[in-house]
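Undergrad: Got a structure for you, written out below as C-alpha cells; questions coming shortly.
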Amino acid sequence: MSISTTRGDGGQTGLAGGIRVSKADLRVESYGSVDELNTVLGFARSICQNTEIVGWTEQIQRTLFRLGSALATPPESKKQPPVISTEDVAMLTGLVHQIESTEGILSDWSLPGAHTESAAFEVARTVCRRAERNAVRFIESGGIVKPEIVAYLNRLSDLLWLFGRLIEHNAGIDARLRDGGKAGPKWSRAW
C-alpha cells in the first residue's frame with residue numbers, strides 16, 4: 001500500500017473515524033499546526049547538546065502526537081480521541097518552575113539568535129503559539145476541544161522559551177534585550 005492514495009487530490013482529507021472534510025477546515029489547520037510544531041521540535045532536539053532538554057523534548061513530542069490526534073477526532077467519530085490530561089499540563093508546569101528556579105536564568109525579554117540551539121527552540125516557541133491560536137480559533141468557531149489542549153499548548157510555549165534561556169545560560173551567553181539602561185519591572189516595555 002502506498003502513502004500516495006490520491007484521495008486528497010480534490011482538497012479533502014480524512015479525520016479520525018473516516019469523516020472527510022476540506023483541507024482548509026479549521027480542525028485540519030489546528031492539528032496541522034501541531035504537526036508542524038512537532039517537526040520543528042524534532043529539529044531543535046536533533047541539534048541540542050543538553051541531554052536533559054533532549055529527553056524532555058522527546059517526551060513532549062510523543063504527547064503532541066496524542067494532542068494532534070485528539071484535535072483530529074471529531075465528536076461524531078466512532079473512534080475515541082486520545083486524552084490530554086491535567087497531569088500532562090502539570091508536567092510542563094513543573095518543568096517551567098524547575099527551570100525558573102535556576103540561579104541566574106534570564107527572566108526578562110530576550111533577543112533570539114544568540115545561540116543556534118536556543119534559536120531552534122525559539123522557532124518552536126513561535127510555532128507553538130500559532131498552534132495555540134489555531135486551536136482557539138477552532139474553538140471559537142464552534143469546535144469542541146478539551147480545555148487541557150489549549151492549556152498544554154500555552155504552557156508549552158512558556159517552557160520552550162525557557163529551554164532557550166537554559167541553553168544560553170549554560171553556554172554563558174547573555175541574550176537579554178535590554179541593555180540595563182532602562183529601569184522598570186521585568187516584562188515591561190523593553191524600549
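Undergrad: Would you point out which residue out of ALA175, ALA120 is at pLDDT below 90 and over 26 Å from ASP25 (Cβ atoms)?
TA: ALA175
Undergrad: Report yes if SER77 is over 15 Å from ASN38 (Cβ atoms), among the polar types (S, T, N, Q) and either part of a helix (DSSP H, G or I) or open to solvent by less than 30 Å² (accessible area, probe 1.4 Å) (or both), otherwise no.
TA: Yes: the conditions hold for SER77.
Undergrad: Another question about this same structure. Within the stretch 106-129, track down each residue that is of a type in the set (A, V, I, L, M, F, W, C) and touching a Leu at 6+ places or on another chain (Cβ under 7 Å).
TA: Once the filter is applied, which keeps residues that are of a type in the set (A, V, I, L, M, F, W, C) and touching a Leu at 6+ places or on another chain (Cβ under 7 Å), the stretch 106-129 yields TRP109, LEU111, PHE121, ALA124, VAL127, CYS128.
Undergrad: Further question: Of the residues VAL21, VAL28, which is at pLDDT below 75, under 21 Å from ALA135 (Cα atoms) and either open to solvent by less than 40 Å² (accessible area, probe 1.4 Å) or assigned to a strand (DSSP E or B) (or both)?
TA: Only one candidate passes the filter, namely VAL21.
Undergrad: Provide a single number: the residues in the stretch 131-153 that are surrounded by fewer than 17 Cβ atoms within 10 Å (Cβ to Cβ) and within 13 Å of the chain's Cα centre (by Cα).
TA: The total comes to 1.
Undergrad: Quick check on ALA114: is it without any contact (Cβ under 8 Å) to a residue 40 or more places away in the chain, aliphatic (A, V, I, L, M) and more than 21 Å from GLU36 (Cβ to Cβ)?
TA: no
Undergrad: If you don't mind, there's one more thing I want to ask. May I ask you to list the residues in the stretch 37-65 that are crowded, with 17+ Cβ neighbours inside 10 Å and assigned to a helix (DSSP H, G or I)?
TA: LEU37, ASN38, VAL40, LEU41, ALA44, ARG45, ILE53, TRP56, THR57, ILE60, THR63, LEU64
Undergrad: Further, regarding this structure: Under 7 Å between Cβ atoms, which residue pairs at least 6 apart in sequence (or on different chains) link something in the stretch 80-94 that is surrounded by 13 or more Cβ atoms within 10 Å (Cβ to Cβ) and at pLDDT below 95 with a partner that is part of a helix (DSSP H, G or I) and not hydrophobic (A, V, I, L, M, F, W, C)?
TA: PRO81/SER69; PRO82/ARG66; PRO82/SER69
Undergrad: Any residue at all in the stretch 79-94 that's closer than 26 Å to ILE139 by Cβ and acidic (Asp, Glu)?
TA: Within the stretch 79-94, one or more residues are closer than 26 Å to ILE139 by Cβ and acidic (Asp, Glu).
The values are calculated or read from the model by the stated rules, or taken from the named source; none is laboratory data. Computed from a predicted structure; not experimentally measured. As a convention, Cβ positions derive from the backbone with ideal geometry for all residues, glycine included, and neighbour counts pool all protein chains shown. When the accessible area is computed, the model is the full protein with side chains, heavy atoms only, and any ligands, DNA or RNA have been set aside. Shrake-Rupley method; radii C 1.70, N 1.55, O 1.52, S 1.80 Å.
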